[in-house]
Structure formats: structure tokens, C-alpha cells
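A.B. asks: Handing you a structure now.
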Amino acid sequence: MNIRRLLLDVDKAIARPSILDIAKAVSGCTGVEGFNVRVGDIDIETVSMDVTVEGTNLDYEAIVRAIEGTGAVVHGLYQLAAGERVVEAEERKR
């Protein structure tokens, strides 16, 4: 399956790793063409982030290993886009 985009929920401790450490780890993964790390909530001990990764034939497990190798933790996969092109998700009307 040609994974083109992943949106990951990632937490890290306040002190370490740095966001730059996480960015370096993600950028070193095969297939990564671009990514975004966005800080969400910050509390006394942790920083919550959304990490969006785009590319061609992304290896989900390798990206998780790279992020967790820095000391951060991947809590969930919130979006996955795959195929020959990225299909943008539509907001569901309720």
C-alpha cells in the first residue's frame, strides 16, 4: 500500500527530546518528502503534538520507531491517506 500521509498524536516530556530531535528523526525516514510538527497542549510534564508526514510509500512502523527512538511516544494514528494521490477528507455534517 502506498501510504502518502500520516497524522500522528505524539507526546514528549517537557525537557527532552526537543522538537528538533523529533524532526531530525522523521526526516531520516525513507519516503518522507515533508512533515509538520504542531504543538498542541503543554502541561507541567508533557507536550502534546500533531505530527503530519507526507511522502511516497511511507513506512508507518519505521516512522513510529524513529519518533519513539528519540524518547517521545506515539499515542495514535488519526489520519492515513494512501493510493496514487491524496484525497482530502471532507468534514462530516451531523
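A.B. asks: Of the numbered conditions (1) more than 16 Å from Gln79 (Cβ to Cβ); (2) not in a strand (DSSP E or B); (3) not polar (S, T, N, Q), Glu33 fails exactly one; give the number of that condition.
C.D. replies: Status for Glu33: all satisfied but (2).
A.B. asks: Within region 40-94, how many residues turn out to be in contact (Cβ under 8 Å) with a residue 24 or more places away in the chain, charged (D, E, K, R), farther than 11 Å from Val10 by Cβ and assigned to a strand (DSSP E or B)?
C.D. replies: Looking only at region 40-94, we keep the residues that are in contact (Cβ under 8 Å) with a residue 24 or more places away in the chain, and these are 42, 44-60, 62-64, 66-67, 69-86.
Filter once more, so that each one left must be charged (D, E, K, R): 45, 50, 54, 59, 84-85.
Of the ones still in play, those that are also farther than 11 Å from Val10 by Cβ are 45, 54, 59, 84-85.
Checking the rest, the ones that are also assigned to a strand (DSSP E or B) come to 54.
So the answer is 1.
A.B. asks: Here's a follow-up. Run down Val86, Val51, Val47 and say which single residue is surrounded by fewer than 12 Cβ atoms within 10 Å (Cβ to Cβ) and of a type outside the set (Phe, Trp, Tyr).
C.D. replies: Details: Val51 fails: surrounded by fewer than 12 Cβ atoms within 10 Å (Cβ to Cβ); Val47 fails: surrounded by fewer than 12 Cβ atoms within 10 Å (Cβ to Cβ).
Residue meeting the stated conditions: Val86.
A.B. asks: Does any residue in region 1-15 that is touching a residue at least 60 places away in the same chain (Cβ under 8 Å) come within less than 6 Å, Cβ to Cβ, of a residue that is among the polar types (S, T, N, Q) six or more places away or on a different chain, and which pairs are these?
C.D. replies: Matching pairs, first to second residue: Asn2/Asn57; Leu7/Thr52; Leu7/Gln79; Asp11/Thr46; Asp11/Ser48.
A.B. asks: Restricting to region 25-44, and then to whatever is small (Gly, Ala, Ser) and out of contact with any Asp or Glu (no Cβ under 8 Å at 6 or more places or on another chain), can you tell me which residue is surrounded by the fewest Cβ atoms within 10 Å (Cβ to Cβ)? Before you say what the answer is, go through the steps one by one.
C.D. replies: Initially, region 25-44 is screened for residues small (Gly, Ala, Ser), giving 25, 27-28, 31, 34, 40.
With the extra rule that they be out of contact with any Asp or Glu (no Cβ under 8 Å at 6 or more places or on another chain), the set shrinks to 25, 27-28.
Working: Ala25: 18, Ser27: 13, Gly28: 11.
Top of the filtered list is Gly28.
A.B. asks: Which pairs do you get when a residue that is among the polar types (S, T, N, Q), found in region 21-33, comes within reach of a residue that is in a loop (DSSP other than H, G, I, E, B), reach meaning Cβ atoms under 9 angstrom, with the pair 6+ apart or on two chains?
C.D. replies: Short answer, once both residue conditions are applied: Thr30/Asn57; Thr30/Leu58; Thr30/Asp59.
Rule-based calculations on the coordinates, nothing more; no lab input. In this text, all values refer to a predicted model and were calculated from it rather than measured experimentally. A quick note on method: Cβ atoms are made from the backbone with ideal geometry, for glycine too, and the neighbour counts reach across all protein chains shown.
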